[in-house]
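Accompanying notes for the structure given below.
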Amino acid sequence: MIRLDPATASPAPNVPPTVPAWALAAGRAPSDADAAFQAGAALSALDSLARGQPAWAGAWRHRLALRGAAASMRLAGRSEDEAALRDAWYLRPAGADPGPAGAIFGAWRRLSVQPPVADSDRVEKIADQLGLHWDGAALADLCTEIEKLAGLQRPAPFAAAALAAHVVAVRPDCELFAWWLSDLMLAQSLRWPRSLPLLMAQAFGPAFRDEASGKRIRPGEKGFERAVCLALPRSAADAWRLAAELSRRAERLITVAPKLRAKGAGDVIQRLLNEDAVSGSLTTKNLSRFAARRLFDRLLQLDAVRELSGRTAFRLFGL
């Protein structure tokens, strides 16, 4: 019999999107106050998910991290898409360097699963992981600025925007770090147990496009705070839609679990619920590579997983 974690054995019901339709109305908000109000409504709708721990929370958070990492490739001057980032992370040998793009993906993964705390050690590690270099004194000043902003208790979107603007003002070449820290500050201001990668995925979207010039609004530029407020309803709605999809797929996976006879299948199911993707050649102490291939083929037949790579070899599976 497959033994599953108690939380896994009782999946949460399907999650309908709850960001109010008026917060997603097409076109620009008529005023800065309206934009802020829409952002507040969207974050309120997302709050229960950000604080909850459904069976599929790990897969949800890591998939949001993948979206953020894919959007950040443009800022990093790279061309990798979601598929390439998945390959860099999940197909590498255990403990191997995932490469520059994979390291950036790893930084977003860390953001999605760790508490929103910005001590000097963590900030230094993330800066290095993003391929940036800051001296110790500058990092200490940055941590002081984060503490200062947290102490001001500004509304979450404005605190996030202020931190991003500060980073770019100090280091214009570190905009990617500014977006990473803005999501951390957002979660810290909202007292979420973990951060959610939300803003980076919208950085090149319509919310950050100046209506008059068509140019992208960067952190610290005129209209940036308003753009953050306009981006958050879109980000929250995307996160809710993803949660609804993963909730349905997780329920299907858990429902078919009793039909699986492979030794070690329970561990595979747990990984599928906790990760964006799982390698089709996974091996564990209870599962050989050949047994894993058969198990994933069986899960495909039962419509309990999806093959994510589109390949016939070096396959990746997920909810």
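The values are calculated or read from the model by the stated rules, or taken from the named source; none is laboratory data. Note that the structure is predicted; figures quoted are calculated from it, not measured. Cβ: placed from backbone, ideal geometry, glycine included. Neighbour counts: every protein chain shown.
Taking the stated definitions as given, is Arg298 at pLDDT 90 or above and buried (at least 17 other Cβ atoms within 10 Å of the Cβ)? Considered against the rule, which asks whether it is at pLDDT 90 or above and buried (at least 17 other Cβ atoms within 10 Å of the Cβ), Arg298 comes out as yes. Taking the range 136-181 as the range and being of a type in the set (Val, Ile, Thr) and either touching a residue at least 24 places away in the same chain (Cβ under 8 Å) or on the phi > 0 side of the Ramachandran plot (or both) as the test, the residues that pass are Ile146, Val167, Val168, Val170.
Close Cβ contacts (under 7 Å, 6 or more residues apart or on different chains) running from residues in the range 198-214 that are in contact (Cβ under 8 Å) with a residue 12 or more places away in the chain and more than 15 Å from Ser72 (Cα to Cα) to residues that are surrounded by fewer than 23 Cβ atoms within 10 Å (Cβ to Cβ) and small (Gly, Ala, Ser) comprise Asp210/Gly223.
With respect to Ala65, is the statement that it is in contact with a Lys or Arg (Cβ under 7 Å, 6 or more places away or on another chain) and in contact (Cβ under 8 Å) with a residue 40 or more places away in the chain true? Yes: the conditions hold for Ala65. Checked against the criterion of being touching a strand residue (DSSP E or B) at 6+ places or on another chain (Cβ under 8 Å), surrounded by fewer than 23 Cβ atoms within 10 Å (Cβ to Cβ) and not basic (Lys, Arg), the range 190-208 contains one or more residues that satisfy it.
Could we say that Phe290 is outside the structural domain of Ala88 (by TED's automatic domain parsing), in a helix (DSSP H, G or I) and modelled with pLDDT under 95 here? Walk me through how you get there before you give the answer.
On the way: outside the structural domain of Ala88 (by TED's automatic domain parsing): yes; in a helix (DSSP H, G or I): yes; modelled with pLDDT under 95: yes.
For Phe290, the condition - outside the structural domain of Ala88 (by TED's automatic domain parsing), in a helix (DSSP H, G or I) and modelled with pLDDT under 95 - is met.
All of Arg61, Arg86 fail the test of being under 10 Å from the mean Cα position of the chain (by Cα), surrounded by 16 or more Cβ atoms within 10 Å (Cβ to Cβ) and among the basic types (Lys, Arg), apart from Arg61.
Look at (1) assigned by TED's automatic domain parsing to the domain that holds Trp179; (2) without any contact (Cβ under 8 Å) to a residue 40 or more places away in the chain and you find that Arg226 fails only one, number (2). For Leu176, the conditions (1) assigned by TED's automatic domain parsing to the domain that holds Leu75; (2) touching a strand residue (DSSP E or B) at 6+ places or on another chain (Cβ under 8 Å) are fulfilled apart from (2).
Tell me whether the range 65-82 contains one or more residues that are surrounded by fewer than 16 Cβ atoms within 10 Å (Cβ to Cβ), within 17 Å of the chain's Cα centre (by Cα) and assigned to a helix (DSSP H, G or I). Within the range 65-82 (the criterion being surrounded by fewer than 16 Cβ atoms within 10 Å (Cβ to Cβ), within 17 Å of the chain's Cα centre (by Cα) and assigned to a helix (DSSP H, G or I)), the answer is yes, since at least one residue qualifies.
Out of the residues in the range 182-233 meeting the condition of being of a type in the set (Asp, Glu) and in a helix (DSSP H, G or I), tell me which one is farthest from the chain's Cα centre (by Cα).
Of everything passing the filter in the range 182-233, Glu225 is farthest from the chain's Cα centre (by Cα).
For Ala265, the conditions (1) under 25 Å from Arg63 (Cβ atoms); (2) of a type outside the set (Val, Ile, Thr); (3) not assigned by TED's automatic domain parsing to the domain that holds Arg306 all hold with the exception of (3).
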